[in-house]
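Values in this text are rule-based calculations from the coordinates and carry no lab data. All values derive from a computational prediction rather than experimental measurement. So basically every Cβ, Gly included, is an ideal-geometry build from the backbone, and we count neighbours across all protein chains shown.
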Ligand code: PEP
Ligand code: MG
């Protein structure tokens, strides 16, 4: 065996030893801090990443040198010390050095039962973790004794083909080697890389003098923490188990003792008040100087307290927020650091109910996680059935091939929505996120039969209407049955943290809000305005849909006028309501952009209903539907194309906006409405619409004698609009990039159909990620950059923003911020995530 003689690769941890977490790992560094705080930490040696790498490659340090700080025949523990605890590491091995001679000695000191148990456990853990023998051959007997120990030693001999090593140096070397190699194993490597570890992530190891936790006077071990890991509330929590080692006290089947007096049964506080007091003192010291909420592992040896280890307390997202705020409030960390300590995406867990991490999952279908949160209910296969269930106050999950505005009521009635087709920006996804409703789209690993009201899973199981399922919209999985959930947990600390975040943020965050309810949510989450109000979404409700349909169906100018006359007061009231809710914050209203097919009935039943509603013959309705149907509706008469073809529609909407502005002014609000033209691809489109809107404004001013201001802007969502942004900006005070359509058109990828093959594309690495979910910075991003530059060159003060569904994601905020955008606009429920992510980028 090649010996390693380079001493700087391992070091005795002392207050002054030169060591960093990047060389020795987080655990070693943390132990040094505890030692500096003069906590009673047993003697510990730290092996660096380089040293452990050398061990894996066969370069073992001189074990006699490693053992020298620990005195005569010590017992030792070895624990992993990786750079980031989340990257895992091999299990700790305790009691290294245990052999026949120590066994006899311990029998004299502790008596047979404790000594036998300790030796038997060491043989077992060495056999399984170091010699990699079959655990079944080394079961732990209920009451170990000399016979069971002999049987285990014999089993080791026969299974390993060599006697159980009695030499502590050999034991230590083998433990170190097996831990070093385990880290290099393919499974361990893949697992940690999945958690973000770099390919060359290092493992350090710490060798510590074993605190036995066994002895005649009070001895044992335990774990203590000072806040609740789920809620983040301050409280002393933990367990202590007399005559035990390591984390034994945490094992569910151990009758361990609570720490504080107020818990049921005997407590450490009563039994050893001084030790308990020391634990509290060390805990407070640790929090103050490690600047973190920790969980401490301790041992009591013959009445003396030892601190063995301290790790960052694993915590829920709710606790993460509360802890960060409390640390800043107590002056332990500064506010910017508190803002940086919470993962923006983790806020989703606070905003929505989630499947509990402990739940047993039986996935029956997988798809694109389009809207986070979890819900449980009975399967239904139509919007009408969803409404019927809601009327009975029964929770239901709406499953559809895809959704259209006809399903809106059903979506409102359901607890979650699952669709077979669609992607991140399809109807169900956009509406689901808007409502804060868990939603999965693009499920391809099932057979959906809407007629028979069944789902057949890939493994042949059939689920029918009324069967209970759980939708995990955060992970994109439908689970069989009802599983335990964790409730959404918004509290004051969440608002506090976001309030701090806003002080550091240097890019605006608005919300996409179409309805009063959306606007209220947006305000509650402190959005700085509405960045996109999709006015056609104001007509999704069944009682209003008829107005939209009448307008689309009108054959003659008179009929159209009649439907527009109905539209005007509705829209005026809608806008006034939004202005009221937003209390003077900017509201950007997009003129109609209805993909016509979304507003037309698709079934015969739907056509019959429409015929009744419009008092027309069924054949008339079918004829009109055929006449306006398009082969490719997403590229058809949408947006400004409708506005130019039937200009009265935009006239009426603009009038409604201006009249609402005047009504708001009469109530004391100063509103400068922002009017946005969708799906523009040519400057001339903007010129024509602008001219008409200005004419409407002039007419309203004359009629009312009131003055008002407004801003006119353009949605940049076709590649041509991005390329011609210079021309377009001459007529637009703002440009808002609609990255949903821009992605669709840049890739030539249908936003409603791409879900079918997206996962296969991503798996094959064709796209690194779903571009409807993660902004494609190379292609679509270049168009954003070109659009922004050309727009700004033509009009230096043009306001730039993004309002596609990408607006709320961290990476697109980073992109938009770097490109000098003024704000991002996203679904109301994503506003908190965007506020935090934007602040972190600025810090
Ligand atoms: C877009 O295309 O990015 C957009 C926001 O508009 P919509 O999703 O309504 O097409
Ligand atoms: Mg669009």
Quiz item: Would it be correct to say that residue 723 is out of contact with any strand residue (DSSP E or B) (no Cβ under 9 Å at 6 or more places or on another chain) and either surrounded by 24 or more Cβ atoms within 10 Å (Cβ to Cβ) or at negative phi (or both)?
Solution: yes
Quiz item: When residues of the range 778-811 are filtered for being farther than 21 Å from residue 510 by Cβ and within 16 Å of ligand 1 (Cβ to nearest atom), how many remain?
Solution: 2
Quiz prompt | Those strands (runs of 3 or more DSSP E) lying entirely in the range 494-603 with at least 3 residues within 26 Å of the chain's Cα centre (by Cα) | solution = 508-512, 530-534
Exercise. Examine the range 689-704 for a residue that is farther than 26 Å from residue 581 by Cα, within 16 Å of ligand 1 (Cβ to nearest atom) and surrounded by 24 or more Cβ atoms within 10 Å (Cβ to Cβ), and state whether such a residue exists.
Key: no
Quiz prompt | Of the criteria (1) within 16 Å of ligand 2 (Cβ to nearest atom); (2) under 23 Å from residue 426 (Cα atoms), which one residue 787 fails | solution = (2)
Quiz item: Out of 461, 486, which single residue is closer than 16 Å to residue 346 by Cα, out of contact with any helix residue (DSSP H, G or I) (no Cβ under 6 Å at 6 or more places or on another chain) and in contact (Cβ under 8 Å) with a residue 40 or more places away in the chain?
Solution: 486
Self-check item: Tally, over the range 167-213, of residues that are out of contact with any strand residue (DSSP E or B) (no Cβ under 9 Å at 6 or more places or on another chain), over 12 Å from residue 96 (Cβ atoms) and not in a helix (DSSP H, G or I)
Solution: 6
Practice problem: Sort out for me the strands (runs of 3 or more DSSP E) sitting completely within the range 270-387 that have 2 or more residues that are touching a helix residue (DSSP H, G or I) at 6+ places or on another chain (Cβ under 7 Å). | Solution: 294-301, 304-312, 368-371, 374-380
Quiz item: Given the conditions (1) buried (at least 17 other Cβ atoms within 10 Å of the Cβ); (2) without any contact (Cβ under 8 Å) to a residue 60 or more places away in the chain; (3) touching a strand residue (DSSP E or B) at 6+ places or on another chain (Cβ under 7 Å), and given that residue 677 satisfies all but one, which numbered condition is not satisfied?
Solution: (2)
Self-check item: Selection status of residue 739, within 16 Å of ligand 1 (Cβ to nearest atom), within 18 Å of residue 720 (Cα to Cα) and within 23 Å of the chain's Cα centre (by Cα)
Solution: yes
Quiz item: Quick check: is even one residue across the range 699-716 more than 16 Å from ligand 2 (Cβ to nearest atom), touching a helix residue (DSSP H, G or I) at 6+ places or on another chain (Cβ under 7 Å), farther than 30 Å from residue 559 by Cα and in a helix (DSSP H, G or I)?
Solution: no
Quiz item: Which of the residues that make up the range 717-736 are assigned to a loop (DSSP other than H, G, I, E, B) and either away from ligand 1 (no atom under 14 Å from the Cβ) or more than 29 Å from the chain's Cα centre (by Cα) (or both)?
Solution: 718, 724, 730, 731, 732, 733
